[in-house]
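Q: I'd like to ask you about the structure that follows.
The values are calculated or read from the model by the stated rules, or taken from the named source; none is laboratory data. All values reported here derive from a predicted model rather than from experimental measurement. Cβ coordinates were reconstructed from backbone atoms using ideal geometry, including for glycine residues, and neighbour counts include every protein chain displayed.
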There are 2 protein chains.
Amino acid sequence: MPRRATIIEVALEAGASKTSVSRYFAGERDKLSPALCERIAAAALRLDYRPNQMARGLKAGRSRLIGMLVADIRNPFSVAVLHGVERACREQGLSLLVCNTDNDPELERTHLALMSSYQVEGLIINASGSPDTELQALTGQGLPLVLLDRELGAVQADLVGLDNAKAIDLALDHLAEQGYAELLYLSEPPERASPRRERLAHFQAGLAARRLAGEAYTMSASDDELARAIEAFLTRSAPKGSGDLPRALLCANGAVTLAATRALQRLGARLGKTGLMGIDELDWCALIDPGITTLAQPTETIGRQAVASLLANSVSQAAAEPRQHRFEPRLIARGSTRLTG
Amino acid sequence: MPRRATIIEVALEAGASKTSVSRYFAGERDKLSPALCERIAAAALRLDYRPNQMARGLKAGRSRLIGMLVADIRNPFSVAVLHGVERACREQGLSLLVCNTDNDPELERTHLALMSSYQVEGLIINASGSPDTELQALTGQGLPLVLLDRELGAVQADLVGLDNAKAIDLALDHLAEQGYAELLYLSEPPERASPRRERLAHFQAGLAARRLAGEAYTMSASDDELARAIEAFLTRSAPKGSGDLPRALLCANGAVTLAATRALQRLGARLGKTGLMGIDELDWCALIDPGITTLAQPTETIGRQAVASLLANSVSQAAAEPRQHRFEPRLIARGSTRLTG
DNA sequence: TCGGTGCTTGGGAACGTTCCCATCATAGGT
DNA sequence: ACCTATGATGGGAACGTTCCCAAGCACCGA
């Protein structure tokens, strides 16, 4: 069972010094004569040499590792972004250490400590928890950091995510245009996640600007309760004697859309007559009978931008002002927001 | 900007030797006097010391890193298994280096090399490609290996995955019981992925045993083509003069179920009258009108078993016979396989 | 011919750990 | 009182790299 060859063995085999071999593999081939390069290449091939990243990381402090903390790996949106991050990393010769926190702040701390012990060169964080001293400590040491989708209290760092104001505007405009006049905004509890707060706030503001009626409901875990809330919204009598204006549901993210769809089915509501629209495009939104209208996030772009920001931060350490990169969603209009007389 | 403290600094602060501090953090506290332990703990806390995994990995050859290669990170099944793997790793104090190969053998090779350069202690592989010399080399060096879901030609390793024979049996029994007599089996191209081959083979065998009529269709990328194939199956006249027996579609995995559902909707087929059943349970299967019947894989269990097998292999290196761990799916019967007169 | 300049090459000291050994007490058996 | 076993502790050499520095050489202009 042959052990992996070391740089010294390659040097010996090639009749060169370990320094030269190191240079060869560190991408400084231009500093080496072509003849030497060739000898090293041949020797490395013969011995099937692969540089030991652990040793590299130790000596140079450059692990070539990026850490990514995902709040919920089973959320398709997160995975789609992860996919973008991964591609971007690969193009930069970086590897990705992915940790899932299952929305547990405690686990988030653990994983943060872990990543730091692997000397990651940067951190992309889709935060699950509250602002964290662990994280503060890491950034204090000059570790580049990018926040994904969710802001994190006191932490000063670039943020990459959806343009929530624009998204809500798009949604409200679309719903208004389609003739819906009374809206119910459905969201998961907004405490911990900044996009939920932003979207909710813009919803409230946007209503007024458009003279729409609307209210917000925060989901608990219970399907029953959600169904009751929706039913109450759909069946209660119109405000003044204004007749029965069309009503629609706006879902704050994919998980909510799923729950709301389930609830509407239980209530026997007809999609379209009862409007339904959600942020986040999912595989199945086209399949539910008249199709569910969504706002698709540019997930791949978001992922790539996260890596780009990270890289930008690591070159210009020095106190750069945190920047925000907000991307616009794309409206995919389907039958669930079409009032067919 | 304070650098992370080293073991030497802790030793100094605690008035102990680095050896003792090392022992403390390597979990050999029972070899240390309680007094010393306490001093070290206090010092480490004061300095916010965190052992450097790179240095550990270098010296001891133990990186505490497990590599996982996923063929398609956007497949919910893969993610669910990943989730199980991750939890199991965490319980063992292992970290997970996840790489996505996008079903590209070339990328698979690259990532394999990369993981080996990080000195991973074990590899969990959901293979995308053909048997690979890169992989052979790694196992040749005694790196423990577990195959997930897909077999890999010549590679001798434990396999963890679904009991495909059982799954197909369950499906056929259910469909037969519900009164469907002619089946169309839909699959992605079976060349590269062993479960596809196994399922297909068992489908063919299972038909005969149950006196069912049936055939198999291999999907290309085109939705049109699939719809045409399904239409042909649904509209062609019955074999003998046997009357018009109920027909059903059986989908080899989640991606196929999605495509088939799309196609059936385009054809205007009514689910139930036309049977539909798929392997892999997905969020939305309950939402498509009468509900889509599925076989749910025990993804969490599969993930955990993968890690368990890996650990078992690393203790008893010596030429243990490769084992297979096959888990049974759970039938979730819904309206899509209910013939309502 | 000489000092400088530029280029290729190599020696050796780190990096932060682990782990083999050595040291030094303390205690127990003769 | 002496030798040895036992247990706690520490010194120092690795592990496989990188990178500073220096050496060697050819070439140039004075």
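Q: (1) in a loop (DSSP other than H, G, I, E, B); (2) assigned by TED's automatic domain parsing to the domain that holds A:Ser78; (3) in contact with a strand residue (DSSP E or B) (Cβ under 9 Å, 6 or more places away or on another chain): which one isn't true of A:Thr139, the others all being true?
A: A:Thr139 satisfies every listed condition except (1).
Q: I've got another one for you. Taking the stretch B:138-168 as the search range and keeping residues that are of a type in the set (D, E, K, R) and surrounded by 17 or more Cβ atoms within 10 Å (Cβ to Cβ), which one is nearest to the chain's Cα centre (by Cα)?
A: Per the stated criteria, the residue is B:Asp149.
Q: Which of (1) touching a residue at least 40 places away in the same chain (Cβ under 8 Å); (2) away from DNA strand D (no atom under 16 Å from the Cβ); (3) surrounded by fewer than 19 Cβ atoms within 10 Å (Cβ to Cβ) is the odd one out, the single condition B:Gly67 does not satisfy?
A: Unmet condition: (3).
Q: Among all residue pairs at least 6 apart or on different chains, which show Cβ distances below 6 Å where the first residue, located in the stretch B:40-62, is within 21 Å of A:Gln141 (Cα to Cα) and assigned to a helix (DSSP H, G or I) and the second is at pLDDT below 95 and of a type in the set (Gly, Ala, Ser)?
A: Filtered contacts from the stretch B:40-62: B:Ala43/B:Ala14; B:Leu47/B:Ala5; B:Gln53/A:Ser117; B:Met54/A:Gly57.
Q: Hey, B:Ile124 hits all of (1) under 15 Å from A:Arg50 (Cβ atoms); (2) surrounded by 24 or more Cβ atoms within 10 Å (Cβ to Cβ); (3) under 18 Å from the mean Cα position of the chain (by Cα) but one; which does it fall short on?
A: The number of the failed condition is (1).
Q: Taking the condition of being more than 9 Å from chain B (Cβ to nearest Cβ), within 21 Å of B:Ala71 (Cβ to Cβ) and either assigned to a strand (DSSP E or B) or touching a residue at least 60 places away in the same chain (Cβ under 8 Å) (or both), how many residues in the stretch A:80-93 meet it?
A: The total comes to 5.
Okay, residues lined up against (1) more than 30 Å from B:Leu282 (Cα to Cα); (2) near DNA strand D (Cβ under 9 Å from one of its atoms); (3) touching a Cys at 6+ places or on another chain (Cβ under 6 Å):
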residue	(1), (2), (3)
A:Ser22	yes, yes, no
A:Ala26	yes, yes, no
A:Lys31	yes, no, no
A:Leu36	yes, no, no
A:Arg39	yes, no, no
A:Met54	yes, yes, no
A:Leu58	yes, yes, no
A:Gly61	yes, yes, no
A:Asn75	no, no, no
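Q: Hey, among A:Thr294, A:Thr301, which residue is within 25 Å of the chain's Cα centre (by Cα), closer than 27 Å to A:His174 by Cβ and outside any helix (DSSP H, G or I)?
A: Result of the check over A:Thr294, A:Thr301: A:Thr294.
Q: I'd like the residue in the stretch A:1-26 that is without any contact (Cβ under 8 Å) to a residue 24 or more places away in the chain and more than 14 Å from DNA strand C (Cβ to nearest atom) and, out of all such residues, is surrounded by the fewest Cβ atoms within 10 Å (Cβ to Cβ).
A: It comes out as A:Met1.
Q: Just to be sure before I move on: is B:Leu258 assigned to a strand (DSSP E or B) and within 13 Å of chain A (Cβ to nearest Cβ) in the structure I sent?
A: Taking the combined requirement at face value, the residue does not satisfy it.
Q: When you check B:Leu186 against the structure, is it over 23 Å from B:Val98 (Cβ atoms), in contact with a Cys (Cβ under 6 Å, 6 or more places away or on another chain) and of a type in the set (A, V, I, L, M, F, W, C), yes or no?
A: For B:Leu186, the condition - over 23 Å from B:Val98 (Cβ atoms), in contact with a Cys (Cβ under 6 Å, 6 or more places away or on another chain) and of a type in the set (A, V, I, L, M, F, W, C) - is met.
Q: Working carefully through the options A:Leu32, A:Leu45, A:Leu58, find the one that is closer than 29 Å to A:Leu96 by Cβ and near DNA strand C (Cβ under 9 Å from one of its atoms).
A: A:Leu58
Q: Name the residue, out of A:Leu107, A:Leu135, that is crowded, with 22+ Cβ neighbours inside 10 Å and either more than 16 Å from DNA strand C (Cβ to nearest atom) or polar (S, T, N, Q) (or both).
A: A:Leu135
Q: A follow-up question, please. So how many residues does the stretch B:169-219 have that are in a strand (DSSP E or B), under 17 Å from B:Ile279 (Cβ atoms) and without any contact (Cβ under 8 Å) to a residue 40 or more places away in the chain?
A: Here the count works out to 4.
Q: Please find, within the stretch A:31-61, the residue that is farthest from the other protein chains (Cβ to nearest Cβ) out of those that are under 11 Å from A:Ala5 (Cα atoms) and small (Gly, Ala, Ser).
A: Among them, the one singled out is A:Ala43.
Q: Among the residues of the stretch B:94-115, which ones are within 9 Å of chain A (Cβ to nearest Cβ) and of a type in the set (A, V, I, L, M)?
A: B:Leu96, B:Leu97, B:Val98, B:Leu107, B:Ala113, B:Leu114, B:Met115
Q: Still on this model: Just name the residue that is farthest from A:Arg56 (Cα to Cα) out of those in the stretch A:1-39 that are of a type in the set (Ser, Thr, Tyr) and not in a helix (DSSP H, G or I).
A: Here the residue is A:Ser33.
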